[in-house]
Amino acid sequence: GSGSVSFFGTHTPKDLVSPGLKPFATTDEGHVDYTGNYRFAPISEAQVSRAMTKRYFADMYDRAISDVVIVGAGSAGLSCAYYLAKNAPEKKITIVEANVAPGGGAWLGGQLMSAMVVRKPAHEFLQEIGVPFEDEGGFVVVRHAAQFTSTLLSKVLAFANVRLFNATAVEDLIVRPDHTGRQRVGGVVTNWTLVSLHHDSQSCMDPNTITAPVIISATGHDGPMGAFCAKRLVSNGMIEKLGDMRCLDMMRAEPVIVNGTREVQPGLIMTGMELSEHDGSNRMGPTFGAMMASGVKAAHEALRILQS
Ligand code: AHZ
């Protein structure tokens, strides 16, 4: 019989399978059978490569001009991305995360003991994203921090206006005068993290750029990669020195981080524990409410700048 004819006909078009290799039917969608005859739809290696590269490079091309760049996808950066993506669905929000796995320190509750403690009223963010918890009065406990991180990540990535480039490091800022002559952070310089890590052993590995009217830095406290933008502000002469993160004081640290979340330089908002390095404020240790509320405050700041 004639049957249905696919757009490509029943044989693989020549540009999908190398000359000399056996063609296959593009109408075959495989067969589910767990008794030993499970069969996949045929595919060529070229189709797999092109399915990925065309999307990745189209995203890079498009996001070279973004509305907001969030540097670092830890608990603060992801909380910010969620609130911003939800409240500004027409804005291009681009997240750059140096690690292969987004989530930063929030895959565990800060210690190596799974549960995540969140002081009230920041539990309202857990309710917003639908993460269950046990109520202990002034604070709540999420059974496993990974439940928070995976839920938040899945919601952030589901927004049509969000793109995440992971395994990609921000290795510099773009800073230049605005129309009034004032120095303004107007973008980030990126490279694949593996490239960034090998600048000393390889020659000529030039970076990419992403420009945006708002950059949000959420790179965490000092560490191999942390506090990146805060440190760059010092080496670029925009601030004299870092405040340096102070010792642990939960009661004091959390409100200071949330209320101190702000545009630290024109075009650059800072959120999460990076702020403790910038301002010289305390760490809170394993309580995460401030990261969520600081991320939301950073999103409010971004919306204010975008609307001004
Ligand atoms: O990989 C980093 C992590 O995922 C990423 N990052 C750092 N530098 C980067 C760069 N380019 C791109 N140059 C970069 N990405 O930023 C993320 C930071 O996440 P985090 O979990 O470390 O920071 P946070 O501020 O979201 O959460 C802090 C959690 C802490 S630390 C702490 C304490 O030490 O007392 N307490 C809490 C709640």
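How large is the charge dipole for the chain, taken about the Cα centre, if only the Cβ atoms of Lys, Arg (+1) and Asp, Glu (-1) carry charge, to the nearest 20 debye? Mind dumping the intermediate values first?
Numbers: 27 positive and 30 negative charges, 81 e Å.
Taking the Cα centre of the chain as origin, the dipole is about 400 debye.
Among 60-71, 232-243, how do they line up from the highest to the lowest mean number of other beta-carbon atoms within 10 Å?
Details: 60-71: 20.2, 232-243: 14.1.
Output ranking for 60-71, 232-243: 60-71, 232-243.
My understanding is that a pair violates if its Cα-Cα distance is over 29 Å; which of K231/K297; K91/K241; K54/K231; K155/K297; K120/K231; K155/K231 do that in this structure?
On the way: K231/K297 22 Å; K91/K241 33 Å; K54/K231 35 Å; K155/K297 19 Å; K120/K231 32 Å; K155/K231 31 Å.
Too far apart for the 29 Å limit: K91/K241; K54/K231; K120/K231; K155/K231.
Which value, in debye to the nearest 20, gives the size of the charge dipole of the stretch 128-236 about its Cα centre, when Lys and Arg are +1 and Asp and Glu are -1 at the Cβ?
Details: 8 positive and 10 negative charges, 77 e Å.
My answer is approximately 360 debye.
Quote the charge dipole size of the stretch 9-123 about the Cα centre in Debye, to the nearest 20; the model charges only the Cβ of Lys and Arg (+1) and of Asp and Glu (-1). Let's see the in-between values first.
On the way: 12 positive and 10 negative charges, 65 e Å.
Using only the charged Cβ atoms, the result is roughly 320 debye.
In Å, what Rg and Dmax follow from the Cα atoms of the stretch 205-308?
Cα radius of gyration and Dmax of the stretch 205-308 are 13.7, 45 Å respectively.
Determine, from the Cβ-Cβ distance of I174 and V32 and an R0 of 45 Å, the FRET efficiency 1/(1 + (r/R0)^6), rounded to the nearest 0.05. Could you put the intermediate results ahead of the total?
Numbers: r = 50 Å, r/R0 = 1.12.
Given R0 = 45 Å and the Cβ-Cβ separation, E is 0.35.
Which residue fluctuates most in the GNM of the chain (Cα springs below 10 Å): K86, K297, K22?
Answer for the Gaussian network model of the chain: K22.
Apply 1/(1 + (r/R0)^6) to the Cβ-Cβ distance of F24 and M60, taking R0 = 25 Å, and write down the FRET efficiency to the nearest 0.05. List each step's numbers first, then the result.
On the way: r = 31 Å, r/R0 = 1.25.
With R0 = 25 Å, the Cβ-Cβ based efficiency is 0.20.
Taking a 1.4 Å probe, which of M273, M116, M205, M52 shows the most accessible area, and what order do the others take after it? List each step's numbers first, then the result.
Numbers: M273 20, M116 0, M205 50, M52 125 Å².
The most accessible residue leads, giving M52, M205, M273, M116.
In the P(r) worked out for the chain, what percent of Cα pairs fall beyond 31 Å? Before the final figure, lay out the partial values.
Details: 18547 of 47278 pairs.
Pairs farther apart than 31 Å: 39 percent.
Go ahead and set up a Gaussian network model of the chain, Cα springs under 10 Å, then flag whichever of H198, H123, H31 fluctuates most.
With Cα springs under 10 Å in the chain, the top fluctuation among H198, H123, H31 is at H31.
Rounded to the nearest 0.05, what FRET efficiency is calculated for V100 and I239 with R0 set to 30 Å and r the Cβ-Cβ distance?
Details: r = 31 Å, r/R0 = 1.04.
Plugging the Cβ-Cβ distance into 1/(1 + (r/R0)^6) gives 0.45.
With point charges of +1 on the Cβ of Lys and Arg and -1 on the Cβ of Asp and Glu, referenced to the Cα centre of the stretch 175-308, which listed residue (I269, G226, G280) lies farthest in the positive direction of the dipole?
Farthest towards the positive end: I269.
Obtain the nm distance between the two label points defined at N166 and Q307 by a simple spin-label model: each point lies 7 Å from its Cα along the Cα-to-C-beta direction.
3.3 nm
Sort the following peptides by mean Cβ neighbour count (other Cβ atoms within 10 Å, averaged over residues), highest first: 168-175, 286-293, 37-44, 155-162. Walk me through the intermediate numbers first.
Details: 168-175: 21.5, 286-293: 25.5, 37-44: 12.2, 155-162: 16.5.
Taking the mean over residues of other Cβ atoms within 10 Å, the ranking is 286-293, 168-175, 155-162, 37-44.
Can you tell me what share of the DSSP beta bridges in the chain is antiparallel? A percent to the nearest 5 is fine.
On the way: 23 of 43 bridges.
Rounded to the nearest five, the antiparallel share is 55 percent.
The values are calculated or read from the model by the stated rules, or taken from the named source; none is laboratory data. Not measured: the values here are computed from a predicted model. We place every Cβ from the backbone using ideal geometry, glycine too, and count neighbours over all the protein chains shown. Ligands, DNA and RNA are excluded from the accessible area calculation, which covers all protein heavy atoms including side chains. Shrake-Rupley method; radii C 1.70, N 1.55, O 1.52, S 1.80 Å.
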